[in-house]
Amino acid sequence: MTQVLPARVTLVGAGPGDPECLTLKAVRAIAMADVLLVDDLVSEAVLQYARTDARVVYVGKRGGCASTPQAFIDRLMVQQARQGLRVVRLKGGDPFVFGRAGEEIESLRAHGIEVEVINGITAGLAAATALQTSLTHRQHAHGVVFITGHGSPGQPATDWPLLAHTAHVLRLTLVIYMGIARVAELQRGLCSGLAPNTPVAIVQHASQPEQRHVVVPLDGLTAAVDRHGLGSPSIIIVGDVLRGLAEIAHHGRAAGPAQQRHAA
Ligand code: SAH
């Protein structure tokens, strides 16, 4: 008698890019997959663990195409899982941080598909690691806010002055995803509640060979992004936990590879 496996999809966090950052669970799930649906920002290096005969479907914006509509992705996952295939949905970073995992889980469950989720290292944490800076600190920061700089269509925009004021009063570090295209708006809004010399770090391609970062005062954010040509994917970290780094940057001491590259 053949055993019928329940239709199932595994949402896997692919981490920030460095394949060494994958969890063992993620590597195992990738290696067992018959089909992998791969998001934008998942590094190619992660796919080295996939079977050579696995079907890989890119559903991000690669190749200049508009990203695949969510409904199509949902349909494909349901269809493939119902055929008894092992389906892995690979997402950059962690599926539960700006990864739309909630929507996908809802849709899969509504179709009677079992879901497993495997965590990945989120880009905000990889950025902190790139800076070798703790996001919390007993003296400087009592908590962390992970927030999108992009917002959602049809939703009210983030009240940056209110967030800055709250971060100041409650001593919170801000970790901003998808913010690089809106740095002027971020700088303006955040300067209403935080001191203009609050340190800010922009970390691009965290954990990857192209990784680089810049540390500047908040009122120099936009100018720094322009000057260094920083683009996506980048994480912007704001807060006093970066004070030590800001001093290093200010005095030009101990410039890491990132700063050396900018100087070249
Ligand atoms: N689920 C992902 C986030 C997806 S939103 C996670 O947990 O990391 C996409 C945003 O993540 C990008 O716009 C950028 O802000 C950030 N990002 C993803 N990978 C990155 C990387 N390697 N370095 C810096 N930022 C990254």
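The values are calculated or read from the model by the stated rules, or taken from the named source; none is laboratory data. In this text the structure is predicted, and so the values were computed from the model without any measurement. With ideal geometry, Cβ positions are generated from the backbone for all residues, glycine too; neighbour counts draw on all protein chains shown. Side chains are part of the model used for accessible areas, which takes the heavy atoms of the whole protein and leaves out ligands, DNA and RNA. Shrake-Rupley method; radii C 1.70, N 1.55, O 1.52, S 1.80 Å.
The figures follow:
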{"quantity": "Residue in region 122-144 that is nearest to residue 9 (Cα to Cα), counting only those that are assigned to a strand (DSSP E or B) and more than 14 Å from the ligand (Cβ to nearest atom)", "calculated": "143"}
{"quantity": "Some residue of region 203-212 being aliphatic (A, V, I, L, M), within 16 Å of the ligand (Cβ to nearest atom) and in contact with a strand residue (DSSP E or B) (Cβ under 9 Å, 6 or more places away or on another chain)", "calculated": "yes"}
{"quantity": "Flag if residue 136 is surrounded by fewer than 20 Cβ atoms within 10 Å (Cβ to Cβ), in contact with a Phe, Trp or Tyr (Cβ under 6 Å, 6 or more places away or on another chain), under 25 Å from residue 169 (Cβ atoms) and among the hydroxyl-bearing types (Ser, Thr, Tyr)", "calculated": "no"}
{"quantity": "Residue selected from region 49-59 under the condition part of a loop (DSSP other than H, G, I, E, B) and either in contact (Cβ under 8 Å) with a residue 60 or more places away in the chain or of a type in the set (Val, Ile, Thr) (or both), by the criterion nearest to residue 120 (Cα to Cα)", "calculated": "59"}
{"quantity": "Matching option when the condition is away from the ligand (no atom under 11 Å from the Cβ) and under 19 Å from residue 99 (Cβ atoms), among 217, 199, 153", "calculated": "153"}
{"quantity": "Residue, farthest from the ligand (Cβ to nearest atom), within region 20-48, restricted to residues that are touching a Ser or Thr at 6+ places or on another chain (Cβ under 7 Å) and assigned to a helix (DSSP H, G or I)", "calculated": "29"}
{"quantity": "Extreme residue, least open to solvent (accessible area, probe 1.4 Å), among residues of region 70-121 that are acidic (Asp, Glu), outside any strand (DSSP E or B) and more than 16 Å from the ligand (Cβ to nearest atom)", "calculated": "74"}
{"quantity": "Residue within region 203-211 that is part of a strand (DSSP E or B), modelled with pLDDT of 95 or more, surrounded by 21 or more Cβ atoms within 10 Å (Cβ to Cβ) and not charged (D, E, K, R) present", "calculated": "yes"}
{"quantity": "Members of region 1-19 found to be away from the ligand (no atom under 13 Å from the Cβ), hydrophobic (A, V, I, L, M, F, W, C) and within 14 Å of residue 118 (Cα to Cα), listed by number", "calculated": "9"}
